[in-house]
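All remarks here apply to the structure that follows.
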Amino acid sequence: MHKNPEARSIILAIGMLACLTMLPGCQSKNTVSASSPTPATTTASNGIRFTDVAAQAGLKFLFEIPGKRPMNILQSMPGGCAFLDYDADGNLDILLISQKIALFRGDGRGAFTDVTATVLPPLKQGFWMGVAVGDYDNDGFDDLYISAYRGGVLLHNEGGKQFKDVSVQSSITSQPYGSSCSFGDYDNDGKIDLFIGNYVQFRSDSVQLCKVKDIYTSCSPTVYEAEKGVLYRNLGGGKFKDVSAETGMDKTTGKVLGVLFLDVDNSGRQSIYLANDEVSSDLMYNKGNGKFENIGEMAGVAYNELGKPFGGMGVDYGDIDHDGKTDMIVGTFTVENKMVLMNQGDRLFVDRSEPMGVALPARNYLSFGAQLFDADNNGRLDLIFCNGYIADNVAEYEPTRTYREPTLLFRNDGATFADISKEAGEAFQRPIVGRGLAVGDYDNDGKIDILIADGEGAPLLLHNDSNTEGKHSVTLRLIGTRSARNAYGSRIIVETKSGKSYFFCHSDGSYLSASDSRIHIGLGAEQSAKITVKWQDGSSQTQEISDTGQVITIRQNAK
């Protein structure tokens, strides 16, 4: 593995040249070449529009940050959220995470009721951080892991009626500075495993504030040593085992803020990507023998376009260009390109944020939450970043910057992204302390909605009011039998008269958040499709669908 940026740059240049000169198939028809012009950054929204309905929907909650000001590096990071269906009634519920944790039950028609007191166990106030959602015991009800500074809790779902703290029984220990976390089945044994990210070494006797232009403010993560994440293998029977050392997952860099389980090369195995803050990021490749190898540098995802570490925050993946491979997006620090990592095959990614039109409009924002989703059911994945600075007093030493920042929405035009934030609704003009972000169809109307955690304010619940006339969609709910019941890691191939598209079953990604695990498929003008599910155990099954606008359940091996 090449350790220096010069060697890495040479490797990437050779890889890009080979990809551009090889037979067709290395690049899809929608992939942008290096010479493509940067598109205009503001265009009409083409009917994509969202409205914040959090207050009317019943989400009475405030994300709050206690303690003295200016804030330190611990105060500046929390604010997680999730769409989940804890009672398996087919309607999405909402979890909000701050100093306190709140659960709201959804009725599927747009109204939410606070059920925290009756469904969640008593949880002490503290620096709660992120959440992973998954059915670790395959009983049909999603469980939760909630990360925390000096803590963390595994909550077992007791038949959709309440959650029980089983942290001690499960052998999952308290984490030093838990951040984003994720469930995924790395060993394909039909039981989802758990990765918990950790951030930096920070204690009461650590440096609390740093000077910038003679003004005390939050310190950079470069001031602190790294904490490393932990991989827990699901042993069954409610037990987990720390397998970080024996799998090679202890060979990571640390300072984790974004986590993804994903199949980078269609091998059928879940690798793990870690977006790290101002140190090299990690792509832990799953070798299939119970071991992981860090290929971040060789894969082109460890450093930015300048060969330097970047402030990796929120992450997500999906097939942006319909070539059947997993592309990634990464939110980053101010004045750093927000990365659009296009999968070139052979475990090589290239950042196309500049030619695809994302770099320039997003460059001056600090992006935490990040998601790929189809906002208008045209079959192409659009892109959203929620933003907010880390230092609450940044304007005192850098007058051109603000603590609160607007959210950015990009429409996928096929080969480029267009910034449509100014036309997509008032919520995208409103400055917030953007942290966690999740997506899901909470009112089951066939259009994807957005949930955002404002680190110092009320949550945003953005209802999708986009004009989708003449555009169809279908939502898939997968149930594994030999594979894990959540079917995380399954690959879905959708064939219509217009061609093929590819989707992936997962709920992880973004920052401190979890999204609807159902697979939302925009079909555009098509009203029928052939859907093939490639399950995590290697089996596959195909189903013809014509019930667009519906939620369709596919059970593994069911006839």
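The values are calculated or read from the model by the stated rules, or taken from the named source; none is laboratory data. Source: prediction; values computed, not measured. No Cβ is skipped: glycine too gets one built from the backbone with ideal geometry, and neighbour counts run over all protein chains shown. Accessible surface is based on the protein model in full, side chains and every heavy atom, while ligands, DNA and RNA are left aside. Shrake-Rupley method; radii C 1.70, N 1.55, O 1.52, S 1.80 Å.
List of remarks:
- Of the residues in the stretch 182-203, none is open to solvent by 30 Å² or more (accessible area, probe 1.4 Å) and assigned to a strand (DSSP E or B).
- Within the stretch 133-140, the presence of at least one residue that is aromatic (Phe, Trp, Tyr) and within 14 Å of residue 514 (Cβ to Cβ) is confirmed.
- Which listed residue, of 534, 471, is over 27 Å from residue 190 (Cα atoms), basic (Lys, Arg) and surrounded by 18 or more Cβ atoms within 10 Å (Cβ to Cβ): 471
- Scan of the stretch 410-429 for residues that are open to solvent by 30 Å² or more (accessible area, probe 1.4 Å) and either without any contact (Cβ under 8 Å) to a residue 40 or more places away in the chain or in a strand (DSSP E or B) (or both), ordered by number: 429
- Of all residues making up the stretch 226-283, the number that are more than 18 Å from residue 341 (Cβ to Cβ), part of a loop (DSSP other than H, G, I, E, B) and of a type in the set (Asp, Glu): 2
- Index of the failed condition, residue 143 passing every other in (1) without any contact (Cβ under 8 Å) to a residue 24 or more places away in the chain; (2) surrounded by 22 or more Cβ atoms within 10 Å (Cβ to Cβ); (3) out of contact with any Asp or Glu (no Cβ under 7 Å at 6 or more places or on another chain): (3)
- Strands (runs of 3 or more DSSP E) (entirely within the stretch 485-557) containing at least 2 residues that are of a type in the set (Phe, Trp, Tyr): 499-504
- Of all residue pairs spaced 6 or more apart or on separate chains, those with beta-carbon atoms under 9 Å, a first member in the stretch 443-461 that is without any contact (Cβ under 8 Å) to a residue 60 or more places away in the chain and a second member that is of a type outside the set (D, E, K, R) and open to solvent by less than 10 Å² (accessible area, probe 1.4 Å) are 445/464.
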